[in-house]
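Asker: This is the structure I have questions about; it appears just below.
The values are calculated or read from the model by the stated rules, or taken from the named source; none is laboratory data. The structure displayed is predicted, hence computed values, not measured ones. Note that we place each Cβ from the backbone using ideal geometry, even for glycine, and neighbour counts take in every protein chain shown. Ligands, DNA and RNA are stripped out before the accessible areas are found, and what is left, the full protein with its side chains, is counted by its heavy atoms. Shrake-Rupley method; radii C 1.70, N 1.55, O 1.52, S 1.80 Å.
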2 protein chains.
Amino acid sequence: MDDCGTDANYMERALTQAKCAYRIGEVPVGALIIKENIVVSEAHNLTGSMKDPTAHAEVIAIRKASEMLGDWRLIGCTLYTTLEPCAMCAGALVLSRIERLVFGATDPKSGMVGSLENLVCDERLNHRLEVTSGILADESATLLRSYFKDRRS
Amino acid sequence: MDDCGTDANYMERALTQAKCAYRIGEVPVGALIIKENIVVSEAHNLTGSMKDPTAHAEVIAIRKASEMLGDWRLIGCTLYTTLEPCAMCAGALVLSRIERLVFGATDPKSGMVGSLENLVCDERLNHRLEVTSGILADESATLLRSYFKDRRS
């Protein structure tokens, strides 16, 4: 399987997480972390349910993966997320030493991996990630639009 | 008591947290959150002990305060931290809607509240914080220098 196919497959699984979030009234964002082609964690946004502003899909996935691997350094891992990470999540990605980030839709309002800034490629910080974007972006954006339309109606 | 006195008193308590971190081999950073002059949470860095790259003092304090107050929006709260927040913590401060940030020492290498960027005063994001810096900065910087000197020896 080529890299593109692999990325789309993992992003499909992250989208499944995003759909779980949607069903319980959370902003539909999903994430998962893989290492050597094994899924070590997956999560979706839970800020409302957990009453925790830090409970974004990416942060939960990072915390679960660290627990699973027994190390705060997620060396050799890739994080897939359906939406461009915010400042908190981009900062957590740098701190965790994750090797690669793959995301779906861009977030022009608060995205910090190309939209407003690019915190995960900042030469001044002590770690940088390889980034691939746009994987299943339309599916992710459609899901988010539908969620916010429902909330307004 | 004037504001300056109050800030120094709360920062003294955050420094006590930082010293707890030092004693267990963690980077000595401490934080606390107050609302209407009541301490709602306090924490210190626990990344090593918890094997969790997101376990910075500020993030733990935010999570605890949200749990204590039963709301992910920390309206009317002030967070005190002994060190200028990193990207993850600055992002978490914005997401949590905390009103005011008071910090001690600056962090030229990864500080995102004036050193490299200022993410908590970014007009493009949907929340901004009032910031006071330099409170007991020397005490905080001395503690951090001592910790890193110990680690190198």
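Asker: What number of residues within segment A:121-143 are more than 14 Å from every other protein chain (Cβ to nearest Cβ), surrounded by 14 or more Cβ atoms within 10 Å (Cβ to Cβ) and assigned to a helix (DSSP H, G or I)?
Answerer: 5
This table checks each residue for (1) closer than 22 Å to residue A:124 by Cα; (2) away from chain A (no Cβ under 14 Å); (3) open to solvent by 30 Å² or more (accessible area, probe 1.4 Å).
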position	(1), (2), (3)
B:62	no, no, no
B:71	no, no, yes
B:79	no, no, no
B:85	yes, no, no
B:89	yes, no, no
B:108	yes, no, yes
B:152	no, yes, yes
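Asker: Given (1) at pLDDT 95 or above; (2) surrounded by fewer than 20 Cβ atoms within 10 Å (Cβ to Cβ); (3) of a type outside the set (Val, Ile, Thr), identify the lone condition not met by residue A:14.
Answerer: (2)
Asker: Exactly one condition in (1) outside any helix (DSSP H, G or I); (2) open to solvent by less than 70 Å² (accessible area, probe 1.4 Å); (3) among the polar types (S, T, N, Q) is not met by residue A:146; state its number.
Answerer: The number of the failed condition is (1).
Asker: Return a yes/no flag: does segment B:42-55 have any residue that is at the interface with chain A (Cβ under 10 Å from one of its Cβ atoms) and either under 9 Å from the mean Cα position of the chain (by Cα) or touching a residue at least 60 places away in the same chain (Cβ under 8 Å) (or both).
Answerer: Within segment B:42-55, not a single residue is at the interface with chain A (Cβ under 10 Å from one of its Cβ atoms) and either under 9 Å from the mean Cα position of the chain (by Cα) or touching a residue at least 60 places away in the same chain (Cβ under 8 Å) (or both).
Asker: Keeping to segment A:8-28, report how many residues are outside any helix (DSSP H, G or I), among the small types (Gly, Ala, Ser) and in contact with a strand residue (DSSP E or B) (Cβ under 8 Å, 6 or more places away or on another chain). Spell out how you get there, then give the answer.
Answerer: Keep residues of segment A:8-28 that are outside any helix (DSSP H, G or I), which gives A:24-28.
Pick out the ones that are also among the small types (Gly, Ala, Ser) and you get A:25.
Subsequent filtering for residues that are in contact with a strand residue (DSSP E or B) (Cβ under 8 Å, 6 or more places away or on another chain) retains none.
So the count comes out to 0.
Asker: Also, I was wondering about something else. Which pairs have Cβ atoms under 7 Å, sit 6 or more apart or on different chains, and link a residue in segment B:107-124 that is of a type in the set (D, E, K, R) to one that is part of a strand (DSSP E or B)?
Answerer: From segment B:107-124, the pairs are B:107/B:83.
Asker: While we're looking at this one, here's another question. Do we have any residue at all in segment B:130-143 that's under 27 Å from residue A:63 (Cα atoms) and aliphatic (A, V, I, L, M)?
Answerer: no
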